Amino acid sequence: MSKAHPKFAAEDADILVLSSDNVLFRLHSVNIRTHTTVFPIGDNLTPSSEPTRFSEESSILEILFAHLYPYAPLPDLQNLSTATVLAVACAAHKYGIASAMFIFDLKMIGCRAESNPTEVASYALHHFESGSPFLERAMMHSITIPLETAITLFPPKVFVAWLFYRERWYGKIFGIGGQQYASTKSYALSLPAQDPTAVSYSDCVRDVAALDIALLPPGNENGSI
């Protein structure tokens with residue numbers, strides 16, 4: 001048995017969405033067309049008495065759907081947990097809600113990367129292409145991730161690129177063959193904080209790709225076996 005969300009209960013709404021915890025949201029198709037790109041109902045939005053079920057909980061959809069309405073009050077992002085910020089950010093990308101994507105990308109990567117490098121790196125690698133400033137910022141903080149965590153977190157080629165990236169930062173910070181790597185996060189990030197462009201993760205990705213091609217047998221540069 002579903003219950004209607006009190007903030008999304010307009011009688012003239014023509015699109016119904018049901019959260020994973022059975023809360024009903026009544027939305028307007030005109031707002032969906034204006035503010036989203038990949039809403040799961042599809043391009044042909046037509047009024048329906050049957051709701052479309054979403055996989056997200058109502059607490060996440062409440063924050064997300066507020067971005068469909070320009071004058072809707074938004075929550076204080078400072079009070080949201082990292083898990084909530086991550087869930088809203090992923091949903092914003094999933095449904096193509098541009099304003100929410102921008103705000104929560106900044107919140108996730110700009111404000112949570114130092115305190116949550118593992119979660120932020122995984123998020124950035126999933127949602128951003130090589131060369132993106134957001135990806136570069138997220139990966140800058142990933143150099144503090146323990147090696148045993150990174151090897152289980154990243155796919156093999158990403159892990160190799162991350163190793164290249166971390167070693168280049170450590171070379172910049174401590175000097176090639178210089179003093180032993182520091183164990184504290186604050187010291188490990190001292191140079192990246194001063195000059196975040198000194199090492200490029202995208203360059204490491206290209207170098208790994210070039211190495212991969214160089215190791216292939218002659219005539220198999222396209223990677224075929």
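The values are calculated or read from the model by the stated rules, or taken from the named source; none is laboratory data. Keep in mind it's a predicted model, so treat the numbers as computed, not measured. Don't worry about glycine lacking a Cβ; one is built from the backbone with ideal geometry, like all the others, and counts go over all protein chains shown. Ligands, DNA and RNA are stripped out before the accessible areas are found, and what is left, the full protein with its side chains, is counted by its heavy atoms. Shrake-Rupley method; radii C 1.70, N 1.55, O 1.52, S 1.80 Å.
Distance between the 7 Å Cα→Cβ label points at LEU163 and ALA83: 3.4 nm. Once both labels are positioned 7 Å from their Cα atoms along Cα-to-Cβ, the gap between ALA72 and LYS3 label points is 1.9 nm.
Label separation (THR34 vs SER59): 3.0 nm, computed from points 7 Å beyond Cα along the C-beta direction.
Shown is the FRET efficiency for LEU106 and LEU147, computed with R0 = 22 Å from the Cβ-Cβ distance and rounded to the nearest 0.05: 0.15. FRET efficiency for the pair GLU129 and ALA210, taken as 1/(1 + (r/R0)^6) with r the Cβ-Cβ distance and R0 = 22 Å, rounds to 0.80. Amide H contacts for THR52 (H built 1.01 Å from N in the peptide plane; partners 5 or more residues away or on another chain; cut-off under 5 Å): LEU16, VAL17, LEU18.
For the stretch 13-144, what is the accessible area per residue in Å², given a 1.4 Å probe and the full set of protein chains?
46 Å²
Stokes-Einstein diffusion of the stretch 1-131 at 10 °C, 1.306 mPa s viscosity, Kirkwood radius from Cα pairs, rounded to a whole number: 103 µm²/s.
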